Structures are given as C-alpha cells and as structure tokens.
Amino acid sequence: MDTVEKIVEDFASDIAMSSFSGTRLRDMIRAIRACKTAAEERAVVRCECAAIRTAISENEPALRHRNMAKLMFIHMLGYPTHFAQMECLKLIAAAGYPEKRVGYLGLMLLLDERQEVLMLVTNSLKQDLNHPNQFIVGLALCALGNICSAEMARDLSPEVERLMRSREVNTKKKAALCSIRIVRKVPDLAENFMALAASLLKEKHHGVLISAIQLCTELCKASKDALEYLRKNCIEGLVRILRDVSNSSYAPEYDVSGIADPFLHIRVLKLMRILGQGDANCSEYMNDILAQVATKTESNKNAGNAILYECVQTIMGIEATSGLRVLAINILGRFLSNRDNNIRYVALNMLMRAIAVDALAVQRHRTTILECVKDADASIRKRALELVFLLVNDTNVKPLTKELIDYLSIADPDFKGDLTSKICSIVEKFSQEKLWYLDQMFKVLSLAGNHVKDDVCHALIVVLSNASELQGYSVRSLYKALQAYGKQGSLVRVAVWCIGEYGEMLVNNVGMLDGEEKITVTESDAVDAVEIALNRHSADATTGAMCLVALLKLSSRFPSTSERVKQIVARNKENVVLELQQRSIEFSSIIQRHQSIRSSLLERMPVLDEASYLVKRATATQATISANKLAPTVAPGGLKLPNGVAKPTSAPLADLLDLSSDGAPASTTTSTTPNDFLQDLLGIGGVSTSTAGVPSTASTDILMDLLSIGSSPSQNGTPGQAESKPVHAVPEAIDLLGSLSSTTSVSAEIKPTHSVSQDMDLLDGLSSRPEKTVHPSITAFQSTTLKITFDFKRQPGNARETTIHATFTNLTSCTYTDFIFQAAVPKFIQLKLDPASGNTVPANGNGSVTQGLNVTNNQQGQKPLAMRIRMSYKVNGEDRLEQGQVNNFPSGL
C-alpha cells in the first residue's frame, strides 16, 4: 500500500510541477480544493513549498508577499512552514505598506513569543511605532499586542505609552489594547499606564472607551495600587459614560436591536463591579445609575437581557442597598419566565448565589422555581432542584416537600435519582415530627424505591427502632405499600425487615393511631408477602437475605406457619447465590433442631442507638466526599478526612513515608462505607474482604527497607482466604450467628455438596469466650507537644490478631483541632483503623482522644510489628505535622 501511495504522489507531483510554478494565491487555493484525496493535496502543497523555497533562494522580492500569503494558507492547513520565517522579517523591513501588512500578518500567524527569531523583529517594531504613517503604526501595534514577550514589552513600553496620547482615534484604541498585553506580561509596568487609562475614559469615541475600560479592568487585576487609584479617579467617569450611553438617542453605528452599544454597557458594568466590590463609598456612588439601568433597559431583546444580567451581577457583587438587591432578584425572577432556556439557566445560577445575600427576596419566586423543576430541559431541572434545596427552611418544608413528592411520580427516570436524594435530605434535615418523617419516607420508597440509597434505608430503620409508638402504624403502612409497589427494591427491604420484627403488630393491629383504618392481615398473609418479595428479588443477595431473616423470625412469632416457613427456606439450599444458600442451610438447622432456644434467639432486635449511628454515618459520608476530591497535592494538616478513614489515593500515604509516588505501601482501610449499613444490620458480608496479606507491587518493598524488616514474605498464599469451589457448596465452619459462638476466625474450604452434613450444627458446642491476653502498655511516640500510648489486647484463638487502643494526650497549653492520626505498615501486616473518639485534643492533658487499631501480623513469630505514624492538627488555625516510627512493640505480637 505504501508503494502504491508513493506512486500516486509522484504522479500527482509530476502533474503539479508543470502548473504550480509561480501561481497566484487564488489558483493555489482552487487547486487544493479540487484535490480528491489527501495524497493529491500533499503533492500540491509539496510542489508549492518547493517553488517557494526556490524563490527564497533566488531572492525574488517581487514574489515575496505572494509567497508569504501562500505560506499562511498552507500553515492553516497544518503543514510545516518554518523555513520561511525569515521572509516575514524581510517583508516587515520593506518600505511599502502592502509588504509590511503581509509581513506582520505572517509574523502573527507563523510565529509566537517563544520563537528565538522574534528577537530580531524588535528593532523593526520600534521603527514602525515611530513611523509617520498611522496605518503602519497600527500594524506594529496589532502585531505587538498579539505576540509580545516580556522582553519586548519592557523595550517597547515607552513607545506604546507615547502613542496612547496620540490624536488619532485608531492609534489610541490600538495602543490601549496593546498595553493590555504588556501589563499581562509585565505586571510591574502597570503603574505606567494608570494615569493614561484614566484619561482615556474622557474620550467620546466608543472604540477608545471600550479599549480603555478593558485596560482598566486588567490593571485592577494586576496591581492593588492600580485598583485603589482607579477607585479614586475613575468612578465618576464610569458613571458618566453609563448615563450617557443609556440616555443617548438613536445612533446607527452603535445600535443593536434598539439598544445603544450593549458592549460598552457590559464593559462598564463589569469594571464597576470590580471597583465597587468591598468598597462602600464607590458602591454608594453607583447605586443610582445601576437602578436606572435596571429599570429602563428593555427586556424583550437579547441585548437588553444581557445588559440586565450584567447589571444584576454588578448589584450582587458590590455593597448595594437592600432595595437595589431586591430589584436585581426580581429581574432574575422575570428571567425565569422567559422562553429562552439559556436565560432561565443563568437566572437560576445567579439566584443560587443571591440566596446567601437575601434569602427572603428569593423566597418570593419559590413558585416559579418549582415550575422550573418540572422543565423539559435536564440542566434547568437539575439547577432548579439545587436551588429549591437551598430554599427549604422550617416554615416551608412541608409544602415544598409535598410539591416535590407529587412530581416524583411523573418525573423522568434519569432525573428520579437526583430528585429522590434531595427529598430524602430535606426530610431528614427538617423533620420536626417522626410521624411526618415516616409518612414522607414511605411515599418516597413507594414512588422511587429503586433510587433510594442504602444509608437512607438504614436511617429509616434506626428511626423506626426508636419510635415504639409508631411501629404498628409503620408496619401496616409498609405492608400496604408492599402490596402496591412490590418492585421498588428499597421499599421491599425496609418492609420485610419491619414485617419480620413487628409481624405480630401487623396481624393484631397494635398501636392504631387516631383516624387510621384497620386492615385485616392473617399470619399466612404476612408470610405470603415476604415469600413474594423473596421470589421477585431472588437475584439481589441483600434483599434475599433480609427476606430469609424475616421468614425465620416469623416462624418464631407465628408458630402455626413454622412448617411452611421451613419449606420456603429449604428451597434456597441450592441457590446459586452462596450467601442465600448458606443462610437457608443454617436457618433450616435452627428451625429443625433448636426449638428450645429459637424464641430467645429470634427476639426482637434491640433498639438501635440513633446518636452513634449518626456519628457513624457522618464519618462515612465525609470519607466519601473526600475520596471524590482527588487533589494533586495536600498540604500538611489540610486533610479533612475523619480519624480512622483511609485516604482516597496512595499519594498522601507515600508522602507519610517520604516515598515517591510510583507506588504506595499497604494503606489503612475503614470498616464502614455508606453501602455497608444494611449489611451491618444483617451481618451480611461478615468475611473480611481485605487483601493486605496478598503480595503487592514492588513499591511496598521500599516500605520494608524503610522499616528495616527484612525480605518479603513467601508467596505461599494468603492466610485466612477461602478456596473457591463449585456452586451448591456449603461452608462447614463459617458461622452466620457469630455473636453466639467464638469470635475466632476460621479459614474455611468450601467443598461441593448438595445436602447438610449431620455433623454440622452452628449452635452446638456453645462455649464462653476466653479471656483476652493483655500485654504491657508502651509509649509509642512522645515529643514536647504530644504523647501517644498504645494498650494491647489479644485474642488467644488467633495469635496473629492484636487490638491496639491508642491514646493521644496534648502536652501544651493550646487546644489541638482537626486532629488526624495516620499509620502505615509493611505488606505482611494488615491494619484497620476505627474512627477516633473526636478530632479535638484538650490542652494540658485535660482529657484525651482515643482510637482503636486492629493489627494482623501474617508472619507472627518471624517478624515483629513495625509501624510508621503521622499526626496532623491545627493550633490556633495554623497547620502542624508530626511523624515518627514505632519499633518498641512487645515481643510476640
């Protein structure tokens, strides 16, 4: 193929060589556009470049400007043209205007400020800036404003300053625009242009005014001195300009849809916003003219809406009066009724910022904002929903929630997730009555249960557990919802949990509220509801497990259904989902062989501690938020992760160990994530999924060298990891009811079988827990400011596992805030940090912060424990960082 393509290119080249020597620009463009293949185009371009090179070598001045025009077109097509850079300089040095025009255009197009060749053009630019012809001066200013480097800016700044005083309008305008580039490249030169920029604001020509205002804006960004100077000397001029342009009569050269020069309007308003921000005197001087612009500008044209929007931004950005801010928010309210989606979107964005300034004024447009939630445009719906969430308070929470829930039933599936999340957040945050909270959550579960997150369901269960007077009402409401909306996953999980816990309340109509209608539900009906849910959601392990637990509890609450429950549970003994298979086998054993303890074993769940749950949930939520913010660098002490929560990336941990970012050692993990709450509730997933014992990348060997621990462990497999076998397997010793048996973890090999072994009984051989082995405490770290002690406890059934209780004591007279403890260990050690008791360490040792660490040494007896620790905290707002290495662990750990 390459040979054929080369032949085609050579053939096209032979044809082109006879017809493209010395062609005009239009002929070359016509020839290139006539090419049917890329090969033909390359041949034409190659021939033209060859002809241009020949003309350059022969030094033909007559064709120089034509060749440069061709090269610019070729450059825009993406072909290399560096060989003709010197031709630009020759054209710039020519005496005629046409040559200079092409030369400067080529200079701006073919070169940039990084090219070394550009140093040679400085002298030519200086000469042209002093040329008597204003058009040549304009060419030089235009080129300088586009490709000026810092060196050129310093050399040519005096000429630009002089030209800003010129009598020619076009020269002054271009000099002002050129000075913007100079100020950006060399901010130190800003003071040279302050007085000149202020004087240009007195001009009448709109082009000069716009250029001068842009220069003033750039000066304010570059220098605080320039900002203060312009506040003192330009406010009056800007107000005059804005008043004149607003009150000016029709001028065809500046008119846009009946609006006089909207571009000048907007530039002036932007500069006024910069000057008035944080300055009450300047803001007071602007108030009248801003009110005039806001009231007199027509909003039926797009140009008028642009001016109004900029005026609103200026009003909200300066120290405006409350009446002026209300006027601005009312303008945004009118924007929400506009048919243009872009106008409505920017209005919603601006209202989200305005709510922090004047929430009451924004509340007046609540109805219009709610209508935007139902808009056909997805971006407007999402932005309006975020604004509604900000508008909610204790007085309007009920009507707003009702509106959102009513819309939930007809909302698009793609939007239901965001809408459901916001409704749940609103209900949880502002609920004042548990009954109202439960009613709203039941409605959300019924209408969009598939979009409700697990942590929301767990929060609901915690509330139900603590509301004993509403448990009967809740289980009846959920039973009715389950009959009508049985396909909503989260609804099914909450409903079957409630039926399992409070089934007798459902059947006996216990805890009836005033006005509540009685329902007739038999024991068989309750079992039917759970069985239908189990069959419908059998693919979901969590829902299936909850259904099996509910059935097991119903067998105890309703003895007459025990035989039927046993049959339903037994159907899952060969379930392809291992979790359901294991539960079915274990539950069948409880029903058949342990009648004496079944009632006590299946008692109602203890009341869940709502306060500790909220702390646990807040910790997990903050960890998730922090994990989504993957900042490239983290300042010491600036981490906002809670104590005991792993960092999102390995880079911060590598920083702890002073390692490079190529790899990371074994990092700490958390025991709680938002999706684990229901699993904690049921005990699902009790087998640890940590892979700390698995040999990792070579980067962890660096940690071993750092800690001087020795060679890496042999790769004979991971202790405590199960071997995977075919389906229909029954774990012989994994205990679902771990709270009743020894806490010792047992490595389980899963063997193929289709029936329950007669020798396997989860509840046989119940024994009391042995006492934990206690080791002496150590001082893990101590400096002049901080002391850390470690207390040790060990399970005799697992020699590798040690629980460490860390105590942090402040030795100074200043309180430590935002306290964070981090640790790193070699790869043969598995480390898990529990959340700390707090993040504030009291001064002078008056109290302390504690935190639990769970350490598993997979080479216990061969290699000792070793740990690298880091503590970050704040003292009076200042970040502090301490770190060290712990090598004095007791022997035998």
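The values are calculated or read from the model by the stated rules, or taken from the named source; none is laboratory data. These numbers were taken from a predicted model, which means no experiment stands behind them. Neighbour counts run over all protein chains shown; Cβ positions are idealised from the backbone, glycine included. In case anyone asks, the SASA skips ligands and DNA or RNA and just uses the protein heavy atoms, side chains included. Shrake-Rupley method; radii C 1.70, N 1.55, O 1.52, S 1.80 Å.
List of remarks:
- Its Kirkwood hydrodynamic radius, worked out from the mean inverse distance over all distinct Cα pairs, puts region 133-244 at 13.8 Å.
- Centroid-to-centroid, using Cα positions, region 778-831 and region 36-80 are 73 Å apart.
- Reported to the nearest whole Å, the Cα centre-to-centre distance from region 840-883 to region 361-437 is 43.
- For region 421-527: accessible area per residue (Å², 1.4 Å): 38 Å²
- For the residue pairs Lys232/Lys296; Lys443/Lys616; Lys616/Lys793; Lys174/Lys224; Lys185/Lys221; Lys382/Lys402, the alpha carbons lie more than 22 Å apart in Lys232/Lys296; Lys443/Lys616; Lys616/Lys793; Lys174/Lys224.
- The residues neighbouring Leu219, those whose beta-carbon lies less than 10 Å from its own, together hold a net charge of -2 under the Lys/Arg +1, Asp/Glu -1 convention.
- Translational diffusion coefficient (Stokes-Einstein; Kirkwood radius from C-alpha pairs) of region 264-316 at 20 °C, 1.002 mPa s, in µm²/s: 193 µm²/s
- Under 18 Å of direct C-alpha separation, and excluding same-chain neighbours fewer than eight residues apart, Lys36 reaches these lysines: Lys6.
- Karplus-derived 3J(HN,Hα) values for region 838-843, using 6.51 cos²θ - 1.76 cosθ + 1.60 with θ = phi - 60°, are x, 10, 10, 9, x, 6 Hz; glycine and proline are entered as x.
- Cβ-defined net charge surrounding Gly258, 15 Å radius [Lys, Arg +1; Asp, Glu -1]: -2
- Residue-level accessible surface for Glu310, protein heavy atoms, 1.4 Å, Å²: 10 Å²
- Euclidean distance of C-alpha centroids, region 294-349 and region 131-210, integer Å: 34 Å
- When the solvent-accessible area of region 133-262 is split by element, carbon and sulfur atoms take up 46 percent of it, the probe being 1.4 Å.
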